[in-house]
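What follows is one structure encoded as structure tokens, with my remarks underneath.
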Amino acid sequence: MTHFSDLQSGDTQTWDNIDKSVFLLSGFALENAIKAFLVYENPHWISNGRLSRSLRSHSLTRLQCQSEQIPFKSRYAWVLQGVEEGLDSWARYPCSLSVETLTNQRTITIHLWSGYIRLMSAYGNKLQKLLARRLWKGPHGFSGRWTFSGNYLAMCE
């Protein structure tokens, strides 16, 4: 547990360290899944040994807005927003620039976790279909088609 104390008011907040880890790992997973769609749609964004500026953001909501084929673009935006709020204190992610704008530490709720599982499942299923359906042409003449078997994303089902 992490405890935050306001020295002026005497108020104390407690944040379960497990929640902090879950936000970080789920944020990484969402970011990478969203970037997979972006690279699928824009293979030139990873060409010539450089990442496009469009891929350098860690904002889940901004990254997701760039994709045309990503599922649940508006329906599950609240999940991306909720995870971003939980990542507020991590330097890798968009964070408050002053104490006045610092958000309260978040906890993983059943509702948020269920939305995360549903969203990751949709992302994984759609990516599998896209990669299996047609030949993907990457930068520098690379191309490929992938097949998946078994319970590839069983944890998300």
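The values are calculated or read from the model by the stated rules, or taken from the named source; none is laboratory data. None of the values given here were measured: they were computed from a predicted structure. Methodologically, a virtual Cβ is constructed for each residue, glycine included, from the backbone with ideal geometry; neighbour enumeration extends over all protein chains shown.
May I ask you to list the residues in segment 101-138 that are surrounded by 12 or more Cβ atoms within 10 Å (Cβ to Cβ) and at pLDDT below 85? Of everything in segment 101-138, those that are surrounded by 12 or more Cβ atoms within 10 Å (Cβ to Cβ) and at pLDDT below 85 turn out to be Leu102, Thr103, Gln105, Arg106, Thr107, Ile108, Trp136, Gly138. Applying the condition of being crowded, with 17+ Cβ neighbours inside 10 Å and assigned to a helix (DSSP H, G or I) to segment 56-85 and asking which residue is modelled with the lowest pLDDT yields Glu84. Taking the numbered list (1) under 16 Å from Gly138 (Cβ atoms); (2) free of Cβ contacts under 8 Å to residues at least 60 places away in the same chain; (3) among the polar types (S, T, N, Q) in turn, Ser47 passes all entries but (2). Annotation for segment 33-53: at least one member residue is of a type in the set (D, E, K, R), modelled with pLDDT under 90 and not in a helix (DSSP H, G or I).
Restricting the first member to segment 99-114 and to residues that are farther than 19 Å from Leu25 by Cα, and the second to residues that are assigned to a loop (DSSP other than H, G, I, E, B) and at pLDDT below 55, the beta-carbon pairs closer than 7 Å and six or more apart or on different chains are Leu102/Ser96; Thr103/Ser96.
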